[in-house]
Every structure is written in structure tokens, then in C-alpha cells.
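In what follows, a structure is listed as C-alpha cells, so that the remarks can point back to it.
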Amino acid sequence: MEKKLSFKLRNTLFLLINLGISTGFLYLAFFKYGVPSNSQETLEFEKTLVFNVYIVITCWFLPVMYQTYKKMYLVQLPKILKKQLQFFIGFLILPHLFLDIITTNIFFVPWLSALLPFSQEVLLNLSTFLESYTIYHCYKSILRLRFLNFSNHVVERAPFNFINDFKDILEQLSHVTALKELAHITQNFFTAAFTIPAGRTRLYVRKTELDSKDDTHYDLALITTKVENFLANHDLMTSPAGALLRQSKIFIKDELEFTNFYEEQSALSKIIDFLDSINADVFLPIYERQAITAYIIVERHARAGKLYNNVERDEMLVFTSYLSNIINILKHSNLEALLHKEKELEEELYHKHQEINQYKESIKSFLRTNKDRKIGIVFYKNRRFTFANQAAQELIEIDVNTQEGHPIAQSFRQLARNVQQYKSSQTLFCRDLHNNKLILSGIPSLELNTVIIMVYYPEISDIIKTQFEFLKDPSAWDYLLYLETTQSGQLINQLIPGNGEMLLNFKINLLSTSLSRKATLLEMAEDDLLPTVEILHHISLRPTLHILKLTIPEKNDEVALKVFGINPLLDKNEPEALLQKLDTIGTLFIQNIHLLSLETQNYLAEFISYGYYHKLRSDHKFFSNVRIICSTTKNLQTLVTEGLFSKTLFNELKKTSLSMPSLTTLPDTEINQLTSGFTEQALKTQTFKNLLELSDKDKDKLLDQRPGSLQELKTKIHQVLVHKSTKHKIHDTTEFDRAYHVTDPELAQAIRMGKKALKDPQTMQMLWNKFKNQNKIATLLGVNRSSVNRRYQEYKFDE
């Protein structure tokens, strides 16, 4: 265990004794070869030699081995050299000595030989095989530990196979938005790849003179003064130590000590002293254009008893090459601004994509109706209508002369009276028996008291020109088409069955917001919040809606814990954060957002702005795609001025806000439109419509006692209709829409389907996901529970 071989007195004496014993064995081998083994003289001489060997082992070799082990742990030796000695002694010397003692005693002690279950020759062959294997294993292991410096690094037998695990690290690096996050990723990588405890690896990012003094860049820990002094005093181009760092790309203390033990150099000694001063096993610099911008330090004895091999060295260098690019990007660009811009572009692209889908659906509806263009001609004379062609009969499908109470017949008579009264052309919209829009266009005939009425399905221009004058923004004319011809538009028209100026523009804003996924602020009556949220959520095609209704101000970050979660180090059993649970599939509605704490508001503003969020007490970022909808009953601008609401969150929410016009300020004509619309929705059939239709007196009463919300208006209209049906003794035979008060579009459709929903697997699956109870589903559909149970067994839904 010395650098140079030097013989001392004990070494000389031990060499002479070994020489004498070896000479005796050589004498037997050369001069007594062929002599019978039972020769007494030869046997006694051989026993004497073996006895001398035992004396040497006992009195000389064992103390020497003890001194060797003592020096291994007391003398400052390189760790690699200690490993070599452990392999050499443990797998070569001691096994060889043990096997020699066993085989020798068996041959010279008869009673031991009698105990063997097999012959002495078998034992000899077995011991020879074991000795050969120990020699092979020892030298193979020692060669991997830089024996005789055949290799420059400790060699690992395993192949370079960390790519699969490294994919996860690359994905995490792709989501990094700040330098602080790299420390956590670095520790995770070194823990997973090299089994180094997380706290024993540290990443340091150096500040340069070009870096600003504000908080644009961050040091992930306090920069070690000793490291800075070493880098300042040892230039990478001129200093031997710096040149060695540039050439090797990594300092591993064990290898440097082993190299310096046999080939002592001043540069190596300085590097070893430097690693000792910072208590490091590994010093891993990270470069940018031949300059060190950061470095990783693995603490001393982070992996007790293990060496860093060539494969692990290459893995570290591969990781730092990726890390260098990320640090370069973060230090020379405002990544948060890029993320904000990217999120805005994604939202705008999504909105345009949804608009295109609406436009396609709208055009398809016109193509279906115009595939076989029909124009019906009807003459009105002497208070009777006469069909002039077959197209008129096919479009109308009723006898307008005998069915005077039918809405279509009423529309025809109203149009005829208007034409005769004003002596000019008139146009009315009505719906056919299949709920498709029809246009009735009447013109006075040259013949006295005769009106010519044309009946046809509307074209694009017909829909636009009737409502175009009400638009505040003429460029939104395409949304007029979407409201009339798409499923999304029909849902909104069902929610708000009015087309006056104020309601029409609100419906356009509502549809535009529904086609977006931007965070939305709702300002409307509390009763109208849930129906509006249901519409926004349904049109966005997300399956899960989660509602957080706040009634008191947030305390102890209780809402933040639900929405964002907490650092796993602080709570290993933390529930899954809502933003993680609802990612890509859900909408989160926060009612009364002004009751959130300021800290939670800032967390939410960050998520809305950049698309990522922080868990509480954590710097790690998580990306999520959750639609955020908020509501408030307060004036947020006033709260911001008073310092009670986050200005950042307010600026984000005001970009997309929906404020429903108050019913107290709506013109009477628009209230009457709503009343007529809700009345038609409440009545499932037209049988008793003339008896149940609200009179002018009923409408005036509603105007005098204006409700505060659409839902309250619907309820009052329903009460009036029920009262009228009871008064006329037709309540039991009048069919009211059972889904009239249901706000969820999916549930409303299922209720209207009734028992037909049992034949639709998707509808049944939706009902089960919402209720998880067959009794409730049966009550909702108006069927027996056995029918529901039979269908679920048929569809094999998991309960």
C-alpha cells in the first residue's frame, strides 16, 4: 500500500522463509517425482514443510493481514485502491489459503479423510475449480476498478439503459418556467438514476455581471464562495486545474485521488483540496459557450461504499447537456411572457375552431332544408285559405281553415289581416309541426280583398335581416345564424326565449363565451347562475362540472387546498387537487369569488394567465387545462380599490365577463317575448293552448311584479298556467313539460325522452354517472325500477 516498493528487514526475513519452504516443495516435485506416496521418508519431509507453512501463517501472515486491514482504514488511501485491496484479499488470498488448509489436512489427517462423503481426488478437483473461479472473479472485479490504470474510469458492466426513465425527466424539463424549479428536477434525477438521497445533491446557478439585480433570475441556493474563488483563480483556458476541468468535464473525487496517488500532480492536488473544502464527491459544471453558468455538487459520502462508474458519469454529462440548454433559455428570455402569449394563442385558436364548427353546422342545416327547395302558394279570400300547389300542403300539414286555434293557423290569419290593413307586403316567422322555422310572406293581390301568401323555409338572408338592426356589433352577424341553426344556439334560445335588442346581444355574448375556454366572470341574479353555467359547460363538451359555492370568507387556505393541493412533503396523504383531477375533462365553477383570500386569488390569477399552478408551499409548477367560471355579487372594481380583491385576478376576469340585463330594466316588449317563450316551453302540446295562453291582463300583472331573474319568471308563468288549467278543469289532461325547471341540458333531454331513454346506452350511462341510484333514475324517467335494472344488466354498466 505504498507508492514505491521498498524492502524492510521483516520483508527480507519473510522472503527468505518463503524461499526455503518453496525450495523444499520444489525438491519434492523434481527429485522425489515417481516415489511412492507411502514412502515414510518422503511423507515425513512433506509433513515438516506443511507444519512450517502453518507456523508462518500463524506467526507471520495473519499479523501482516491484520496490519494491512488496519492501514486500509487508518491511512488516507484512495477509495478505489481500498476497493481493489478488499477484492484482492477477500476473493483471492483468503479463499486460496482456506482451500489449501482444508485439502492439506484431509490428506495428512486420516480421520478427517474418513469423514468425507466422496474421494480425496474429488475434493482436490472441487477446490481447484473454486480457486480458479475466485481468481477469475477477483481479477475481473479489480480490472473494472482501474487496475494498473488499464482504463481512465471505473468501468460498469451494465449497458447504458437509462433512456426510458430519462423520458420523464425530459418531459419535466419541457415544462420548466423558472430557474428555481430545476433544483427539484435535478434532485429527482440523481435520486432515481444514482440512488443519491435528494438532500445530498444541489444545483447552483451563477449570476453574471450581465444579470439584472431584480428578481428576474434566481440562485437556487447561496453560491458557495469557495467555488467562486476556485473558478476565479483557475481559468479554464490557462490554468492546469481549469484545463483539466474543461477536458474531463466532471470532477469525481475518488478517481482523482486514485490517479494522484500514483501520479502526483499539483493540479490534481489543488482539485482534491478544493473538493474537500466544499465536501463534495462530485463537482459537475454546466457550460454555456465555454463558460460555467451553473454547477451541481454531490455531497461527500452521499453513496457510502459505492463508486461512480463510467456509465453513471456519462448519464450525468447527458443530463447536464440538456440542463444547460434549459438554463440558457430561462436566463435569456422571459418565459412567463411566452407562456402567457402561448396560452392566449391556444385559446384564440380554440375559439376560432369552435366558430368554424358552428358555421359548418349552420350551413349543413340550410343545405338540408334547401336540398329540395319548396315554395308554397296560399290564397286568402273571403276569410278562407286556399292552397294553390302541393308544396303548400306539404309545408303546412294542417287545415288552417278548420284548426283555427293552431299556432300556424293563427299566424296565417294574423299575416292576412296585416296585409289587408296596411295594403303592403308583410312577413312572419312560425314553426311547422317538426319545429322547423317557416317564413310566411304575404302581398296584396290585384284582385280586391285577396292576399297571396308564400310559404318556404328561410334562407341565410331571411334570418339575418330580421334581427340585424338589433346588433350592437354588426360584425357578429354570423352569430345570428348560429343561434337559429345550431344545437348550441337552440340551448341558449331555450334558456332565453327572447329576441329583443338587449336579450339578443346578451345571447350572442353568451354563445361566443360558450365557444371559448377562457376564464369567465358571471354577473347576474343568483337563480340564473347555475342554468348559465350548465349551458357554458355543456357547449364546451366537458364531461365533469365541479361547483365550489362559497358562503363565508376563506380561512386557513381551505379552498386553496382543494383547488391547488399542498406540497407532498408537508402532507403525504393530500387529496388530489381539483385542477389536477379536472384536467382536460372538467369545468370549475367558483361561486362568490370575492370570498377567496387574497393569496388564493393570486394563485388563481397565475393559473388563468399562464396555464400552470403552484401547490401550496411549493415552487414546482403543474400545467392544467380546466375551464374556470366565477361569479360575484359585489362590485369587484370597488373591492380592488379598497385592497380587498386581487388586481391581477380582476384584470384577468374582466377580459371575459357576462353581465345579464336585469329584468327590472328590460323593455316591456322583451318581457312579453320572454313570457310567450316560456309559455310555449311549459306546454308540451297545443291542445289547450287557447285556454291556457296568458292574457294581456296576466302579462300586465307580471310586468307590475317584475321578477328578479329568469328562473323566477319561469316559475311564476308555470304557476299561472297551473292555475288556469285548474280553473278550466283540464289540469289532469294538460301535458306540461316535465323538464321545464331542469337546468342541465343533458338531464332535460333525458326527461323529455321518457321511457325511450332506456333504449339509449349513452343516456343511461350519463344518468348513472350523475345519480348512481336506480330508484332516482326510474323516478326521473317515469318508469319502473325493474325496467331500469334490466337495462343496466343488459348494458353491463359498472355500479
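The values are calculated or read from the model by the stated rules, or taken from the named source; none is laboratory data. Remember, predicted model here, so these are calculated numbers, not experimental data. Ideal geometry is used to build each Cβ from the backbone, glycine not excepted, and the neighbour counts take in all protein chains shown. Side chains are part of the model used for accessible areas, which takes the heavy atoms of the whole protein and leaves out ligands, DNA and RNA. Shrake-Rupley method; radii C 1.70, N 1.55, O 1.52, S 1.80 Å.
How fast does region 668-728 diffuse by Stokes-Einstein, in µm²/s, taking the Kirkwood radius from C-alpha pairs at 10 °C and 1.306 mPa s?
136
Would you please put 640-650, 452-462 in order of how densely packed they are, using the mean number of other Cβ atoms within 10 angstrom per residue and starting with the highest?
452-462, 640-650
Please tell me the relative contact order of region 415-509 in percent, rounded to the nearest whole number, where contacts are Cα pairs under 8 Å and at least six residues apart.
Relative CO of region 415-509 lands at 17 percent.
What number do you get for region 745-795 when its Cα radius of gyration is normalised by 2.2 N^0.38 Å, N = residues?
Against the empirical 2.2 N^0.38 Å value, I get 0.95 for region 745-795.
How much length is gained if the chain between Glu558 and Ser22 is pulled fully straight, taking 0.36 nm per residue apart and subtracting their Cα-Cα distance, in nm to one decimal?
184.5 nm
May I ask you to evaluate 6.51 cos²θ - 1.76 cosθ + 1.60, the Karplus curve with θ = phi - 60°, for each residue of region 597-610 and list the ³J(HN,Hα) values in order in whole Hz, giving x for glycine and proline?
Using θ = phi - 60°, the values come out as 6, 4, 4, 5, 4, 5, 4, 5, 4, 4, 5, 5, 6, 10 Hz.
What percent of all Cα-Cα pairs in region 538-611 falls into each 5 Å bin, going from 0 up to the bin containing the maximum distance?
3, 14, 23, 26, 20, 11, 2, 1
Under 10 °C and 1.306 mPa s, how fast does region 310-405 diffuse according to Stokes-Einstein, given a Kirkwood radius computed over C-alpha pairs? Answer in µm²/s, whole number.
In µm²/s, the coefficient is 76.
Assuming R0 = 35 Å, what is the FRET efficiency of Ile730 and Leu703, from their Cβ-Cβ distance, to the nearest 0.05?
0.85
Greater than 20 Å separation of Cα atoms is the criterion. Which listed pairs, Lys343/Lys549; Lys226/Lys306; Lys759/Lys796; Lys634/Lys654; Lys360/Lys472; Lys714/Lys776, meet it?
Lys343/Lys549; Lys226/Lys306; Lys360/Lys472; Lys714/Lys776
Dipole of region 359-468, Cα-centred, from +1 at each Lys and Arg C-beta and -1 at each Asp and Glu C-beta, to the nearest 20 debye?
Using Cβ point charges on Lys, Arg, Asp and Glu, region 359-468 gives about 200 debye.
Restricting things to alpha carbons, find the Rg to Rh ratio for region 516-659 using the Kirkwood radius for Rh.
0.94
Just to confirm, what accessible area per residue do you get for region 361-462 at 1.4 Å probe, in whole Å²?
Per residue, region 361-462 has 58 Å² of solvent-accessible surface.
Given a cut-off of 27 Å, name the pairs among Lys352/Lys507; Lys684/Lys716; Lys465/Lys697; Lys465/Lys716 whose C-alpha atoms lie farther apart than that in the structure shown.
Lys465/Lys697; Lys465/Lys716
Which distance in nm do the two modelled labels at Asp399 and Asn625 give, with both placed 7 Å along the Cα-to-Cβ direction?
Taking the two extended label points, one gets 5.9 nm.
Size of the dipole of region 745-795 about the Cα centre, Lys and Arg at +1 and Asp and Glu at -1 on the beta carbon, nothing else charged, in debye to 20?
Once rounded to the nearest 20, the dipole reads 140 debye.
Compute the normalised compactness of region 375-456: alpha-carbon radius of gyration over 2.2 N^0.38 Å, N being the residue count.
Ratio of Cα Rg to 2.2 N^0.38 Å: 0.97.
State the percentage of accessible surface on region 375-456 attributable to carbon and sulfur atoms; use a 1.4 Å probe and exclude ligands, DNA and RNA.
That fraction is 48 percent.
In whole Å, what are the Cα extents of region 593-638 along the three principal axes, biggest one first?
Taking the Cα atoms of region 593-638, the three principal extents are 33, 22, 13 Å.
Which of the peptides 588-594, 396-402, 443-449 is most tightly packed, and how do the rest follow, judged by the mean count of other Cβ atoms within 10 Å per residue?
588-594, 396-402, 443-449
Give the aspartates and glutamates reachable from Lys364 as a straight Cα distance under 20 Å; neighbours fewer than 8 places away on the same chain don't count.
Glu355, Asp372, Asp432, Glu459, Asp462, Asp478, Glu484
Given a Förster radius of 22 Å and the C-beta distance between Glu336 and Val640 as r, what FRET efficiency does 1/(1 + (r/R0)^6) yield to the nearest 0.05?
Efficiency at R0 = 22 Å is approximately 0.50.
So if I place +1 on the C-beta of Lys and Arg and -1 on the C-beta of Asp and Glu, and nothing else carries charge, what would the dipole magnitude of region 695-779 be about its Cα centre? I want it in debye, nearest 20.
That gives a dipole near 240 debye.
Could you work out how far apart the two model spin labels at Arg617 and Asn325 are, taking each label as a point 7 Å from the Cα in the direction of the beta carbon, and quote it in nm?
3.6
At what distance in nm do the modelled label points of Leu170 and Lys770 sit from each other, each positioned 7 Å from its Cα along Cα→Cβ?
Reported label-point gap for Leu170 and Lys770 is 4.5 nm.
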